[in-house]
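To start, the structure itself, in structure tokens.
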Amino acid sequence: MSGTQALLIGSGAVVGLGVFLLLRAALVAEQPQLADALARLNGASSAVRVASVSEASDRWARAAGRAGIWVGARLPVAGRRAPSQALALIGWTPEGYAVRKVGLAAFGAVFVPLLTAVLGLIGVRMPVAVPVVGSLALAVVLFFVVDLVVRDEAAEARSQMRRALCSYLDLVSLRRDASEGPTIALERAAALGDGWVFARITDALVAARLAGEPPWDGLRRLAADTGVGELADVADIAAVAAVEGASIAPTLRARAQSLRVQLLAEEEAAANTASEKLTAPVALLSIAFLLLFLYPALVRLMAS
């Protein structure tokens, strides 16, 4: 193996490893740490809880250290305009969001010149404008890719919350049928479920109890933090039951059923959209196959 081939293989391996590590660190959301969950339940003020989550819940921001805070403080586009609601929903911090955007943009700016240099070693010469324009274009694209990832993951997380909320409504209605009060029914129903959605609901209810507030206020806060308005509906129903003593079990079951119908309609619409998107590729593939089949006959016809 010649020196040029070894250099090309080594460069390709380094670039591939760098792409894998960068994308994995940038696009994979981390699970909350146990210390962060305990900090949210210790009765501290909201400012202290927000600071704790901001500093410790995102492993990528912790690994970046002061760089993430520096970027978030000095680049308004990267940090201050971050979609805070979506970031809180998927477990990212504003500092981690800023570092991801700047890191991917820097990678895009460096990748094209590096690729041009590697091609130059094997004799492929390109104009100077190609790496300059390519690096700028790739940097801009990767800079905004993070926004698309945050939007898609937040939408998926909201969908998961709505699906889990259907089960939560059924559990609360069963607790109310057992003559439990609204507060106890909300808390015990949340404790019965598994998964991160029920954990978020439990955290909201416990935080409201420790703050001396009714549990439906915690649900309203969670609805505002996550953008899932159905949680506010549950809070309103529970508040009415606590004030007026009304039976809310049938209302909860009806709300769960209507939410299931809404989710089913959205899934059917998404499936129809995906099916329509497949029409164009299938048509192009059929045309290409037809041209490939008729090409020999057309060549003979034109040659005669």
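The values are calculated or read from the model by the stated rules, or taken from the named source; none is laboratory data. Computed from a predicted structure; not experimentally measured. Methodologically, a virtual Cβ is constructed for each residue, glycine included, from the backbone with ideal geometry; neighbour enumeration extends over all protein chains shown.
Yes or no: region 261-275 includes at least one residue that is part of a helix (DSSP H, G or I), modelled with pLDDT of 80 or more and either over 30 Å from S159 (Cβ atoms) or touching a helix residue (DSSP H, G or I) at 6+ places or on another chain (Cβ under 7 Å) (or both). Scanning region 261-275 turns up at least one residue that is part of a helix (DSSP H, G or I), modelled with pLDDT of 80 or more and either over 30 Å from S159 (Cβ atoms) or touching a helix residue (DSSP H, G or I) at 6+ places or on another chain (Cβ under 7 Å) (or both).
If I go through region 232-252 residue by residue, how many of them are closer than 15 Å to I201 by Cβ and surrounded by fewer than 17 Cβ atoms within 10 Å (Cβ to Cβ)? Residues meeting the conditions: 1. For region 203-256, the tally of residues that are out of contact with any Pro (no Cβ under 9 Å at 6 or more places or on another chain) and either closer than 18 Å to Q85 by Cβ or among the charged types (D, E, K, R) (or both) stands at 24. Check whether at least one residue in region 165-173 is under 23 Å from the mean Cα position of the chain (by Cα), at negative phi and of a type in the set (S, T, N, Q), and report yes or no. Scanning region 165-173 turns up at least one residue that is under 23 Å from the mean Cα position of the chain (by Cα), at negative phi and of a type in the set (S, T, N, Q). Picking from residues in region 199-231 that are within 28 Å of R151 (Cβ to Cβ) and surrounded by fewer than 16 Cβ atoms within 10 Å (Cβ to Cβ), the one that is nearest to the chain's Cα centre (by Cα) is D225. Taking (1) exposed (fewer than 11 other Cβ atoms within 10 Å of the Cβ); (2) assigned to a helix (DSSP H, G or I) in turn, R255 satisfies each apart from (1).
A Cβ distance below 6 Å, combined with a sequence gap of six or more or placement on separate chains, defines the contacts here; from region 221-237, residues that are under 15 Å from L186 (Cα atoms) and β-branched (V, I, T) reach residues that are crowded, with 21+ Cβ neighbours inside 10 Å and modelled with pLDDT of 85 or more in the pairs V234/L219. Filtered by the rule that a residue be outside any helix (DSSP H, G or I) and touching a residue at least 60 places away in the same chain (Cβ under 8 Å), region 100-147 gives a lone residue, I122. Of all residues in region 175-220, those being outside any helix (DSSP H, G or I), under 16 Å from I237 (Cβ atoms) and either touching a Leu at 6+ places or on another chain (Cβ under 6 Å) or at pLDDT 85 or above (or both) number 1. On the basis of being more than 26 Å from the chain's Cα centre (by Cα) and of a type in the set (S, T, Y), does S275 make the cut? The answer is no for S275. V234 falls short of the stated requirement of being part of a helix (DSSP H, G or I) and within 30 Å of V110 (Cβ to Cβ).
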